[in-house]
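> Here's a structure for you.
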Amino acid sequence: MTGELTPLLKAAIGFAYVGGFTFVAIGVYLSYRRRRLHPLLLVCVSAISFSWIEAPYDWAVYAQFAPAIPRMPSWWPLNMTWYGLPASVPPGYIAYFVLPPVIGAAIGRRLIARFHWSRPTTLLTVGLVVGFVWAFLFNAILG
């Protein structure tokens, strides 16, 4: 695989860009509407703030990516991955780490409203299940 991206890789890159920018835009809009920072925007900032660790990790395990994937510019901090860090990594961290809590919160709220369960216990349990399924999907099946 030298010059072309597989459909799965194209979908993953699309998920990173669309998901990352959509969540940030929604977080900015909700923050503007509330006139204070919205938790969604804070989670987006948190997720992108530790995306830098991808480069040293990839370097440490000699990870290599398809040459056709667009890369971060050479001046990018900690750009030590072989041939550069894929440009979709920073927005991808937002999409990857923000979508599960959004799904878990929606499911948890529905369960709380329907069955009148304890809010903390329900949200923690649903979060654990959604997080497990999400990690299993990405790391065991797609990864």
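The values are calculated or read from the model by the stated rules, or taken from the named source; none is laboratory data. The structure presented is a predicted model; accordingly, all values stated were derived computationally and were not measured. Positions of Cβ are generated from backbone atoms using ideal geometry, with glycine treated the same way; all protein chains shown enter the neighbour counts.
> Mind checking which residues of the range 124-143 are assigned to a helix (DSSP H, G or I), under 15 Å from the mean Cα position of the chain (by Cα) and not aromatic (Phe, Trp, Tyr)?
Scanning the range 124-143 gives Val130, Gly131, Val133, Ala135, Leu137, Asn139, Leu142.
> Which of the residues spanning the range 106-123 are of a type in the set (A, V, I, L, M, F, W, C), surrounded by 13 or more Cβ atoms within 10 Å (Cβ to Cβ) and part of a helix (DSSP H, G or I)? Explain how you work it out, then say what you get.
Taking the range 106-123 first, the residues of a type in the set (A, V, I, L, M, F, W, C) are 106-107, 111-113, 115, 117, 123.
Okay, now just the ones that are also surrounded by 13 or more Cβ atoms within 10 Å (Cβ to Cβ), so 107, 111-112, 117, 123.
Residues satisfying the conditions are Ile107, Leu111, Ile112, Leu123.
> Residues being of a type outside the set (A, V, I, L, M, F, W, C) and in contact (Cβ under 8 Å) with a residue 40 or more places away in the chain: count how many of those fall in the range 87-114. Talk me through it step by step, then tell me what you get.
Our first condition is that a residue be of a type outside the set (A, V, I, L, M, F, W, C); within the range 87-114, this holds for 88, 90-93, 96, 100-101, 104, 108-110, 114.
In the following step, the residues that additionally are in contact (Cβ under 8 Å) with a residue 40 or more places away in the chain were identified as 88, 90-93, 96, 101.
Number satisfying all stated conditions: 7.
> Still on this model: Hey, can you tell me all the residues within the range 29-50 that are over 19 Å from Ser88 (Cα atoms), touching a Gly at 6+ places or on another chain (Cβ under 9 Å) and not aliphatic (A, V, I, L, M)?
Answer for the range 29-50, where residues must be over 19 Å from Ser88 (Cα atoms), touching a Gly at 6+ places or on another chain (Cβ under 9 Å) and not aliphatic (A, V, I, L, M): His38, Pro39.
> Which pairs have Cβ atoms under 6 Å, sit 6 or more apart or on different chains, and link a residue in the range 53-79 that is at positive phi to one that is at pLDDT below 85 and among the charged types (D, E, K, R)?
No pair meets every condition.
> Working only within the range 4-21, note down all residues that are surrounded by fewer than 15 Cβ atoms within 10 Å (Cβ to Cβ) and either touching a Cys at 6+ places or on another chain (Cβ under 6 Å) or closer than 19 Å to Ile103 by Cβ (or both).
Ala11, Gly14, Val18, Phe21
> Please verify whether the range 66-89 includes one or more residues that are in a helix (DSSP H, G or I), farther than 18 Å from Ala11 by Cβ and touching a Ser or Thr at 6+ places or on another chain (Cβ under 6 Å). So that I can check it myself, show each step before the final result.
First, the residues of the range 66-89 that are in a helix (DSSP H, G or I): 89.
Filter once more, keeping what is farther than 18 Å from Ala11 by Cβ: none.
Looking through the range 66-89, none of the residues is in a helix (DSSP H, G or I), farther than 18 Å from Ala11 by Cβ and touching a Ser or Thr at 6+ places or on another chain (Cβ under 6 Å).
> Answer yes or no: is there a residue in the range 67-86 that is of a type in the set (D, E, K, R) and under 24 Å from Ile53 (Cβ atoms).
Yes, some residue in the range 67-86 is of a type in the set (D, E, K, R) and under 24 Å from Ile53 (Cβ atoms).
> In addition: Please verify whether Ile103 is under 22 Å from Ser46 (Cβ atoms), touching a Cys at 6+ places or on another chain (Cβ under 8 Å), in a helix (DSSP H, G or I) and of a type outside the set (S, T, N, Q), treating the condition exactly as stated. Quick ask: steps written out before the conclusion?
Numbers: under 22 Å from Ser46 (Cβ atoms): yes; touching a Cys at 6+ places or on another chain (Cβ under 8 Å): no; in a helix (DSSP H, G or I): yes; of a type outside the set (S, T, N, Q): yes.
Taking the combined requirement at face value, the residue does not satisfy it.
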